[in-house]
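Single-structure report; data block below.
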Amino acid sequence: MTESALVSIFRFNPEEDDCPRMEEFEIPFDPQKTVLEALQYIYEERDGSLAFRESCKSGFCGTCGMIVNGHPCLACTTYMKKEMTIEPLARHRVIRDLVVELKK
Ligand code: FES
């Protein structure tokens, strides 16, 4: 039997929502997979409206920065846990869900 992971994700679409909410997803747990792969699974299999950023997938560009279980990390180099709370980077304006405004 496949183990499952419980993933709680910050959701907010400023154009439609009055306030942010956390949404939970139960997905197959695989300790070899990254947080980014977990988000891709949720996007492809559960909710195609989930917004997050990715680019190099190898820890170089910083595009996938987010907060996982209270710690800032790169989703493409962080391995998934059985329980994860995923939030956008703090002190940045949320454009949608996990996508924030990155000013240089
Ligand atoms: S996608 Fe470039 S650092 Fe994660």
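Considering each residue of the range 44-56 in turn, at least one proves to be within 20 Å of HIS92 (Cα to Cα) and without any contact (Cβ under 8 Å) to a residue 24 or more places away in the chain. Each residue in the range 5-30 was checked for being of a type in the set (A, V, I, L, M, F, W, C), free of Cβ contacts under 8 Å to residues at least 60 places away in the same chain and either surrounded by fewer than 13 Cβ atoms within 10 Å (Cβ to Cβ) or touching a His at 6+ places or on another chain (Cβ under 6 Å) (or both), and 1 pass.
From the residues in the range 65-83 that are outside any strand (DSSP E or B), more than 15 Å from the ligand (Cβ to nearest atom) and on the phi < 0 side of the Ramachandran plot, which one is farthest from the chain's Cα centre (by Cα)? The selected residue is LYS82.
Does the range 36-43 contain any residue that is within 16 Å of the ligand (Cβ to nearest atom), in a strand (DSSP E or B) and not aromatic (Phe, Trp, Tyr)? No. Against the test of being more than 14 Å from the ligand (Cβ to nearest atom), crowded, with 17+ Cβ neighbours inside 10 Å and at pLDDT 95 or above, the options ARG96, ARG53, ARG46 yield a single qualifying residue, ARG96.
Determine, yes or no, whether ILE86 is modelled with pLDDT of 95 or more, within 16 Å of the ligand (Cβ to nearest atom) and either among the polar types (S, T, N, Q) or part of a strand (DSSP E or B) (or both). Against the criterion (modelled with pLDDT of 95 or more, within 16 Å of the ligand (Cβ to nearest atom) and either among the polar types (S, T, N, Q) or part of a strand (DSSP E or B) (or both)), ILE86 qualifies.
The values are calculated or read from the model by the stated rules, or taken from the named source; none is laboratory data. Just so we're clear, the structure is a prediction, and the values are computed from it rather than from any experiment. Glycine gets a Cβ as well: all are built from the backbone with ideal geometry, and neighbour counts include every protein chain shown.
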